[in-house]
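Notes for the one structure printed next.
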Amino acid sequence: MTTSTAPRDTIVRVRGIHKRFGSLKILNGVSLSVGRGEVVCVLGPSGSGKSTLLRCINHLEKVDDGLVVVGDHTIGYEESGGVLRELSERRVCRQRTSVGMVFQRFNLFSHMTVLENVVEAPVRVHRRKRGTVEREAVELLRRVGLAEKKDAYPDQLSGGQQQRVAIARTLAMKPDVVLFDEPTSALDPELVGEVLSVMRGLAEDGLTMIVVTHEIGFAREVADRVVFMDGGVVVEEGAPAAVLDTPREERTKAFLSHVL
Ligand code: ADP
Ligand code: MG
């Protein structure tokens, strides 16, 4: 949580994005700016478009209208002579490495050790030296509390440990922002705390994060800002205490009365 009121660099700018699947409108003009080091928690009922928003931010879904800018890059496009041109899939993939994503399902490579899982992408995608990346990976595993598991295979780990490896794997790419999509929803209840505690540590270390979660306690304690979505729009946003304790909008009140 930040105590500074100084303006900070904006890392993510989502400007009026629209997304439809067939005739179904899923996002109806969503805008969101996230500053460097800021932690934004996105809440909202199932089907409100939260996952679609995250998937649009890293261009796993292409927006129908609007723009997503991460750092200096318009995701999926390049500007030349004042005109936006769509990038090739290859170049989008490269751009996408600046946006880390942690999913509900961690999808580690089962035939690779924990360390190999973390080292794989920086070596293969960024073509960095394996030795350097391995040293960084060990440090990242220490940060998520799993240094002693570096030679284990994913199926030897609990779900909470696997998710922590998935977080280390994402951080190994040195993303500008990490998007978390309900990172604890697939976990047994007793394993949720260890993952949230790692995420809290990352927030304290200044990682820029957008976290879709139903963990209201986490949002309250860790988020700088809470965004409430419903029906493909941002209904309300603000400081956690304001949105969670004194929501202005009826839809926010209704949602919170079900989850609190
Ligand atoms: P949330 O994450 O808030 O639960 P989603 O963004 O996953 O919501 O989904 C919003 C709506 O979009 C849902 O009704 C879902 O069925 C629909 N949807 C999501 N992805 C697709 C897709 N690839 N094709 C068709 N409909 C989709
Ligand atoms: Mg979702």
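The values are calculated or read from the model by the stated rules, or taken from the named source; none is laboratory data. Remember, predicted model here, so these are calculated numbers, not experimental data. Virtual Cβ from ideal backbone geometry, glycine too; neighbours counted across all protein chains shown. These accessible areas exclude ligands, DNA and RNA; they are computed on the full protein's heavy atoms, side chains included. Shrake-Rupley method; radii C 1.70, N 1.55, O 1.52, S 1.80 Å.
With Cβ to Cβ distances under 9 Å as the rule, what net charge do the other residues near PHE103 carry (K, R +1; D, E -1)? After counting each charged neighbour, the total is -1.
For segment 108-260, the fraction of 1.4 Å probe accessible surface lying on carbon and sulfur atoms is 48 percent.
For segment 28-35, backbone phi angles converted through the Karplus equation (6.51, -1.76, 1.60; θ = phi - 60°) give residue-by-residue couplings of 10, x, 9, 10, 7, 10, 10, x Hz, Gly and Pro being listed as x. Can you work out the base-10 log of I(q)/I(0) for segment 101-185 at q = 0.12, 0.14, 0.22 1/Å, using the Debye formula on its C-alpha atoms alone? Scattering profile of segment 101-185, log10 relative to I(0): -0.30, -0.41, -1.04. Taking only the Cα atoms of segment 18-67, the ratio Rg/Rh comes out at 0.97, with Rh defined as the Kirkwood radius.
If you sort the three axes of the alpha carbon gyration tensor as a ≥ b ≥ c, you get a/c of 1.5 or more for the chain and a/b no higher than b/c, which makes it oblate.
Solvent exposure of the chain, expressed per residue, is 48 Å² of accessible area, with all protein chains present and a 1.4 angstrom probe. Convex hull volume of the Cα atoms of segment 179-254, normalised per residue: 101 Å³.
Put simply, the amide H of ASP65, placed in the peptide plane, has neighbours under 5 Å in HIS18, leaving out anything fewer than 5 places away on its chain.
Each pair of Cα atoms in segment 120-260 enters the Kirkwood radius, and Stokes-Einstein at 10 °C and 1.306 mPa s then converts it into a translational diffusion coefficient of 95 µm²/s. By its C-alpha gyration tensor, with a ≥ b ≥ c as the square roots of the eigenvalues, how is segment 1-115 shaped: rounded for a/c under 1.5, else prolate for a/b larger than b/c, else oblate? In terms of gyration-tensor shape, rounded. Put simply, the amide H of ILE11, placed in the peptide plane, has neighbours under 5 Å in VAL34, GLY35, ARG36, leaving out anything fewer than 5 places away on its chain. In units of the rule-of-thumb radius 2.2 N^0.38 Å, segment 58-149 shows an alpha carbon radius of gyration of 1.35. Within the listed set VAL83, VAL165, VAL226, the Gaussian network model of the chain (springs between alpha-carbon atoms below 10 Å) gives the highest mean-square fluctuation for VAL83. The calculated 222 nm mean residue ellipticity attributable to helices in the chain amounts to -10500 deg cm²/dmol, summing -39500 (n - 2.57) over DSSP H runs of n ≥ 4 and dividing by all residues.
Looking at segment 137-183, the pairs of alpha carbons with a distance over 11 Å make up 67% of the total.
For segment 39-106 versus segment 163-218, the inter-centroid distance based on Cα atoms is 19 Å.
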